[in-house]
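For reference, the structure discussed in these notes is given below.
Here, each number is a calculation from the coordinates, and none is a lab measurement. Since the model is a prediction, treat every value here as computed from it, not as a measurement. Neighbour counts are summed over all protein chains in view; Cβ atoms, including those assigned to glycine, are modelled from backbone coordinates with ideal geometry.
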Amino acid sequence: MSGLQDQVEIKFRLIDGSDIGPKSFPAATTVSTLKETILAQWPKDKENGPRTVKDVKLISAGKILENNRTVEDCRSPLCDIPGGVTIMHVVVQPPPLEKEKKLSDDQNQCKCVCVIL
């Protein structure tokens, strides 16, 4: 019976309101592993999907989850209902635009110094 209690049912809510899951995960599963699962199960018809784990941010109970934390660490006693499904929101960071990158590089090269005597 304790094996079932160590499982957490998680549903991943995408930005457009659609879901991936729900799926059961062991409580010792890391957030990084959850992100890999999201990458593998990302709907093929969705545009702007994540390319790597670094492109994905998971939010649970209003907090951005760190990759090295486990599901058990991230559980909120106020939000989790025994036998219920935990919903984690998925945010995909867009890749940086070449134009923005070029502007930031140009700003780093032009450094002016003013001296008032």
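Taking H placed 1.01 Å from N in the peptide plane, check which residues at least 5 places from residue 86 or on another chain put their amide H under 5 Å from its amide H.
Under 5 Å from the amide H of residue 86 lie the amide H atoms of 9, 10, 11, each far enough along the sequence or on another chain.
Take residue 59, project a point 7 Å from its Cα along the Cβ direction, then tell me which residues of segment 11-36 have their backbone nitrogen under 13 Å from it.
Once the point is set 7 Å along Cα→Cβ of residue 59, 13-17 turn out to lie under 13 Å by backbone N, inside segment 11-36.
With Cβ to Cβ distances under 9 Å as the rule, what net charge do the other residues near residue 20 carry (K, R +1; D, E -1)? Working shown, then result.
Working: positive: 11, 13, 23; negative: 19.
In short, +2.
If amide hydrogens are placed 1.01 Å from N in the peptide plane, which non-local residues have theirs closer than 5 Å to the one on residue 29?
Here the answer is 71, 72, since their amide H atoms fall under 5 Å of that of residue 29.
Could you give the length gained on full extension between residue 13 and residue 93, defined as 0.36 nm per residue of separation minus the Cα-Cα distance, in nm?
Numbers: separation 80, 0.36 × 80 = 28.80 nm, distance 1.51 nm.
Computed gain between residue 13 and residue 93 is 27.3 nm.
Tell me the relative contact order for segment 8-69 as a rounded percent, counting alpha carbon contacts under 8 Å between residues six or more apart.
Values: 57 pairs, mean separation 17.6, N = 62.
That works out to 28 percent.
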